[in-house]
Amino acid sequence: MGHPKRRIAILGSTGSIGTQTLDVIDRLGRAGWEFEVVGLAARSSTGLLIEQAERYRPRAVSIAAESAVDALRRRLPEGLEVLHGAGGLLRLAEREDVDVLVNAVYGAAGLPPTLAALALGKTVALANKESIVIGGDLIRSLLTEHGGTLLSIDSEHHALHQCLHGHAPTDVRRLILTASGGPFLHTDPEDLATVTPEDALRHPTWTMGRRITVDSATMVNKAFEVVVAHHMYGVGYDRIDVVVQPDSYVHSLVEFREGSIVAELGPRDMRIPIQNLLIDPHRVETGLPRLRLDEPLQIGFLPFEEARFPAYSVVVAAAREGGSALAAVNAADEVLVDRFLNGEIRFTGIAAGLAAVLDRWRTEKKAEPDDRSPELPRLLGVDRWAREAVAGLQLEPPEGPAPG
């Protein structure tokens, strides 16, 4: 077909987005597109990482724990570079033979490799929202200075990308992100203090990792998507809204100045946005699922009741603060979600903890003279500060025995 070969590294290759990306690469290969998987990185799934390395023959792999390196070296082909930790992620991001970096790692750890790849003018396909949430201003500066490309592997932002094609930000009245409402859309707010981790992990429409599933229950993930949309499309927070679409068939909408609304519909399958982003602006048939329109299909919308999701409001408030506020709130959320999943705090403690950390940030960090234009070391310092702050918060434990 004459398309140039794309050389790709996948950070988080054994997770949901990583495995689906490899599936898309296989499908595109059968359709005549050539990809070379140069690097793979995993957090802890060494067995699956070995299987992937044996199949795709990358030049380098990375694992989070240094203790796993020797086992990998014994089982992988001689000559394949085995890396580890944060340094391993950076090495993969900076390799000269990587054109496209798919960043699907967990949390704040995803920011340094994103910045490293963009500083070299690479294409970065982000499933790691935290990179933009924490370092949005840094990322925009790098894109301007080095001419790289930033893509968002997210059904909502993929939808906005399609709806906005050919339009300037000044054409837009508002961006409208859809939310399923999560598992607690119809739960009485008074009952949220007693919901369990198992309850929170029962997402009604998507299958995702544990943290993002809990973040979808609190709507922190939706607030992160608002921040990403703000940075990627140059639209102010006052022109980004959320609406509940419980079936998750409408992935986002754009309302234009004259009153028309353009929406993107599709199946609940992340491989569609992954494929479109990897070969943008081309489209090709690879056998992915389709939304059936020859059968009855009802699509409804509900208003987003922000008062039901106080954690969402805290994140948006931090976004409006600017500076390092989002770095603090993101770090706090990572710790609070872990504490909830470990049975240490109530579900409602996540929002309470986020609010407490943001208030403390306003007192201790906001007034520091370098906070308005933070560089990476500053952001990572605030990340560490927030983790320590939230770990020491006294929050109500759940009722009854801890799980497990």
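The values are calculated or read from the model by the stated rules, or taken from the named source; none is laboratory data. Given the structure is predicted, the values throughout are model-derived calculations rather than measurements. For neighbour counting, all protein chains shown are included, and Cβ atoms are generated from backbone atoms with ideal geometry for every residue, glycine included.
Looking at segment 248-307 only, could you name the residues that are small (Gly, Ala, Ser), in contact with a helix residue (DSSP H, G or I) (Cβ under 6 Å, 6 or more places away or on another chain) and in a loop (DSSP other than H, G, I, E, B)?
Answer for segment 248-307, where residues must be small (Gly, Ala, Ser), in contact with a helix residue (DSSP H, G or I) (Cβ under 6 Å, 6 or more places away or on another chain) and in a loop (DSSP other than H, G, I, E, B): just Gly266.
Any residue that is farther than 20 Å from Ala319 by Cβ, in contact (Cβ under 8 Å) with a residue 40 or more places away in the chain, not assigned by TED's automatic domain parsing to the domain that holds Ile17 and not in a helix (DSSP H, G or I) - is there at least one of those in segment 213-225?
Checking segment 213-225: not a single residue is farther than 20 Å from Ala319 by Cβ, in contact (Cβ under 8 Å) with a residue 40 or more places away in the chain, not assigned by TED's automatic domain parsing to the domain that holds Ile17 and not in a helix (DSSP H, G or I).
Based on this model, can you work out whether Glu156 counts as surrounded by 16 or more Cβ atoms within 10 Å (Cβ to Cβ), in contact (Cβ under 8 Å) with a residue 40 or more places away in the chain and of a type in the set (D, E, K, R)?
For Glu156, the condition - surrounded by 16 or more Cβ atoms within 10 Å (Cβ to Cβ), in contact (Cβ under 8 Å) with a residue 40 or more places away in the chain and of a type in the set (D, E, K, R) - is met.
Looking at segment 135-153, which of the residues that are of a type in the set (Val, Ile, Thr) and closer than 27 Å to Ser16 by Cα is surrounded by the fewest Cβ atoms within 10 Å (Cβ to Cβ)?
Thr149
Select, from Gly47, Gly29, the only residue that is part of a helix (DSSP H, G or I) and under 26 Å from Gly107 (Cα atoms).
Gly47
Kindly indicate whether Ser13 is modelled with pLDDT of 95 or more, closer than 19 Å to Gly209 by Cα and assigned to a loop (DSSP other than H, G, I, E, B).
Yes.
Go through Leu376, Leu380, Leu336, Leu341 for me and flag whichever is under 20 Å from the mean Cα position of the chain (by Cα), within 22 Å of Ala108 (Cβ to Cβ) and at pLDDT below 90.
Going through Leu376, Leu380, Leu336, Leu341 in turn, the sole match is Leu376.
In segment 109-128, which residues are crowded, with 24+ Cβ neighbours inside 10 Å and under 22 Å from Gly381 (Cβ atoms)?
Answer for segment 109-128, where residues must be crowded, with 24+ Cβ neighbours inside 10 Å and under 22 Å from Gly381 (Cβ atoms): Gly110, Leu111, Pro113, Thr114, Leu118, Asn128.
Restricted to segment 1-21, and to residues that are farther than 18 Å from Asp97 by Cβ and among the hydrophobic types (A, V, I, L, M, F, W, C), which residue is surrounded by the most Cβ atoms within 10 Å (Cβ to Cβ)?
Per the criteria, the residue is Ile17.
Taking the options Gly300, Gly234, name whichever one is more than 24 Å from Leu28 (Cβ to Cβ) and under 20 Å from the mean Cα position of the chain (by Cα).
Gly234
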